[in-house]
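Chemist: If you scroll down you'll find the structure; I have some questions about it.
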Amino acid sequence: KIAVPSVGGTINIITKTTDAKKGGSVFYNVGSDNYQKEGITLSTGLLKSNWALTMMFSKTKGNGYVEGTPFTGYSYFMSAAKKLNDRHQFVITLFGAPQNHAKRYNYQSLDILKTRADATRYNEDWGYLNGQFYSNSTNFYHKPVFILNHYFTIDENTDLSTSLYASYGIGGGGYTVENDVKLTKNAFGQYDWDKAVEENNKYAANGKGGGMYFQNSYNNHSWLGGLSTLKK
């Protein structure tokens with residue numbers, strides 16, 4: 001249940017750690033373009049102390065179908081529950097998914113689509129700087145969510161669930177801003193970053209500003225709230 005309207009629809013997922021069975025699992029997936037995903041899940045089940053803990057962690061990475069678009073992402077989930085009695089249960093949950101990836105920022109021209117056999121995968125927005133991969137357009141974000149739930153069974157026909165939640169998101173995207181110094185491409189059609197730095201340094205050495213720089217735009221926001229639902 002959420003406190004804001006959802007035009008496209010809403011999925012409500014209720015996870016009760018005390019219902020999870022004791023055990024765990026690991027997995028490893030591979031795919032094309034160096035796609036790899038690995039993860040682990042562990043659960044204590046309901047202990048004699050009436051506590052239960054479930055944890056999950058995974059990592060995803062790959063080169064991307066489009067060249068020059070590598071990505072790395074993590075996801076984590078931890079839920080600790082305490083069953084006080086048959087009527088009261090508290091659940092603390094923390095989850096998030098930090099990620100970063102490079103992008104294809106510029107549209108492809110009709111000339112490229114007609115002349116390059118690899119046009120669908122071609123990406124001009126990257127190159128090498130000092131021998132290392134460097135992208136002209138990046139994206140990164142992490143927005144962990146912390147939730148404290150209280151489940152109260154009032155009677156066989158009445159339930160009250162209350163949630164207090166907090167979330168802080170930080171991230172955004174970056175790209176190159178050209179002024180008097182312009183980006184040029186190498187023979188392979190990618191940006192020549194070493195030349196760009198060289199030209200930028202020459203321009204700055206003449207005491208001039210307004211060269212070329214890399215800019216990050218941030219979109220940070222915080223959520224804090226509570227929601228209580230009575231079901232009769």
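The values are calculated or read from the model by the stated rules, or taken from the named source; none is laboratory data. These numbers were taken from a predicted model, which means no experiment stands behind them. Cβ coordinates were reconstructed from backbone atoms using ideal geometry, including for glycine residues, and neighbour counts include every protein chain displayed. What goes into the accessible areas is simple: the full protein's heavy atoms, side chains included, and nothing from ligands, DNA or RNA. Shrake-Rupley method; radii C 1.70, N 1.55, O 1.52, S 1.80 Å.
Chemist: Once the Cα gyration tensor of the stretch 147-232 is diagonalised, what are the square roots of 5 times its eigenvalues, in whole Å and ordered largest first, as equivalent ellipsoid semi-axes? Let's see the in-between values first.
Modeler: Working: eigenvalues 677, 42, 12 Å².
Largest first, the stretch 147-232 gives 58, 14, 8 Å.
Chemist: If one computes the Cα centroid of the stretch 63-116 and of the stretch 141-164, what distance in Å separates the two points?
Modeler: Using only Cα atoms to place each centre, the spacing works out to 25 Å.
Chemist: Return the sequence-ordered ³J(HN,Hα) values of the stretch 78-93 in whole Hz as given by the Karplus equation 6.51 cos²θ - 1.76 cosθ + 1.60 applied to θ = phi - 60°, using x for Gly and Pro.
Modeler: After applying 6.51 cos²θ - 1.76 cosθ + 1.60, I find 9, 9, 10, 10, 10, 9, 6, 6, 5, 10, 10, 8, 10, 9, 10, 10 Hz.
Chemist: Let me ask something else about it. Hand me the trypsin sites (Lys or Arg not before Pro) from the stretch 143-230 located in a DSSP loop with no more than 10 other Cβ atoms within 10 Å, in residue order please. It would help to have the intermediate numbers written out before the result.
Modeler: Working: sites: 182, 185, 195, 202, 208; in loops: 182, 208.
The qualifying sites are 182.
Chemist: Could you list which residues have their amide H under 5 Å from that of residue 89, counting only those 5 or more apart in sequence or on another chain, with H placed in the peptide plane?
Modeler: 84, 151
Chemist: Only loop residues by DSSP count here, and only those with at most 15 other Cβ atoms within 10 Å; note down the chymotrypsin sites (Phe, Trp or Tyr not before Pro) in the stretch 30-118 that meet that. Before the final figure, lay out the partial values.
Modeler: Values: sites: 35, 51, 57, 65, 71, 74, 76, 77, 90, 95, 105, 107; in loops: 65, 105, 107.
Within the stretch 30-118, the qualifying chymotrypsin sites (Phe, Trp or Tyr not before Pro) (loop, at most 15 other Cβ atoms within 10 Å) are 65, 107.
Chemist: Name the most mobile residue of 171, 39, 31, meaning the one with the largest mean-square fluctuation, in a Gaussian network model of the chain with Cα contacts below 10 Å.
Modeler: Answer for the Gaussian network model of the chain: 31.
Chemist: Further question: Would you work out the relative contact order for the stretch 106-198, in percent, from Cα pairs under 8 angstrom that are 6 or more residues apart?
Modeler: After rounding, I find 29 percent.
Chemist: If the cut-off is a Cα-Cα distance under 15 Å, which aspartates and glutamates reach residue 232, setting aside same-chain residues fewer than 8 apart in sequence?
Modeler: Result set, ordered by chain and number: 155, 156, 159.
Chemist: Read phi for every residue in the stretch 186-201 and hand back ³J(HN,Hα) as whole Hz from Karplus 6.51 cos²θ - 1.76 cosθ + 1.60, θ = phi - 60°, with x for Gly and Pro.
Modeler: 8, 5, 8, x, 9, 5, 8, 6, 4, 5, 4, 5, 4, 5, 5, 5
Chemist: Taking 0.36 nm per intervening residue step and subtracting the Cα-Cα distance, what contour gain separates residue 109 from residue 75 on full extension? Please list the in-between numbers first.
Modeler: On the way: separation 34, 0.36 × 34 = 12.24 nm, distance 3.65 nm.
Between residue 109 and residue 75, full extension yields 8.6 nm more.
Chemist: Quick one: longest stretch of the chain between exposed loop GluC sites (Glu not before Pro), exposed meaning at most 13 other C-beta atoms within 10 Å and loop per DSSP?
Modeler: On the way: sites that count: 156, 178.
The longest uninterrupted stretch comes out as 1-155.
Chemist: For the stretch 63-99, run through the trypsin sites (Lys or Arg not before Pro) and keep only the ones in DSSP coil with at most 13 other Cβ atoms within 10 Å of their Cβ. Mind dumping the intermediate values first?
Modeler: Numbers: sites: 82, 83, 87; in loops: 87.
Listed in order of number, the matching sites are 87.
Chemist: Ok, one more. Quick one: among 142, 150, 101, which has the greatest mean-square fluctuation in a GNM of the chain with alpha-carbon springs under 10 angstrom?
Modeler: Among 142, 150, 101, the largest mean-square fluctuation in the Gaussian network model of the chain belongs to 150.
Chemist: Could I ask something else about it? Can you send over the carbon and sulfur percentage of the accessible area for the chain, probe radius 1.4 Å, protein chains only?
Modeler: Working: 8660 of 15020 Å².
So the carbon and sulfur contribution to the accessible surface is 58 percent.
Chemist: I've got another one for you. According to a simple spin-label model (label point 7 Å from Cα along Cα-to-Cβ), what is the distance in nm between residue 167 and residue 231?
Modeler: 2.1 nm
Chemist: Tell me the relative contact order for the chain as a rounded percent, counting alpha carbon contacts under 8 Å between residues six or more apart.
Modeler: Working: 518 pairs, mean separation 32.8, N = 232.
Relative contact order for the chain comes out at 14 percent.
Chemist: Once label points are set 7 Å from the Cα along Cα→Cβ at both residue 28 and residue 148, what is their separation, rounded to one decimal in nm?
Modeler: Modelled inter-label distance: 4.1 nm.
Chemist: Residues of the chain: accessible area per residue at 1.4 Å, in Å²?
Modeler: Numbers: 15020 Å² over 232 residues.
For the chain, the per-residue accessible area is 65 Å².
Chemist: For every helix of n ≥ 4 consecutive DSSP H residues, a contribution of -39,500 (n - 2.57) applies; sum these over the chain, divide by its total residues, and give [θ] at 222 nm rounded to the nearest 500 deg cm²/dmol.
Modeler: Values: 2 runs with 19 residues, N = 232.
Calculated at 222 nm, the ellipticity per residue is -2500 deg cm²/dmol.
Chemist: Here's something else I'd like to know. Can you tell me the mean projection area, over all orientations, of the convex hull of the chain's alpha carbons? Units nm², please.
Modeler: On the way: hull surface 75.5 nm².
Mean projected area of the Cα convex hull: 18.9 nm².
Chemist: Output wanted: per-residue J couplings in Hz (rounded whole) for the stretch 217-231, from phi through Karplus 6.51 cos²θ - 1.76 cosθ + 1.60, θ = phi - 60°, x for Gly and Pro.
Modeler: 10, 9, 9, 9, 7, 10, 10, 8, x, x, 8, 10, 10, 9, 10
Chemist: Okay, next question. Distance check, please: which entries in 59/103; 61/114; 21/83; 182/202 exceed 23 angstrom between their Cα atoms? List each step's numbers first, then the result.
Modeler: On the way: 59/103 19 Å; 61/114 31 Å; 21/83 15 Å; 182/202 13 Å.
Exceeds cut-off: 61/114.
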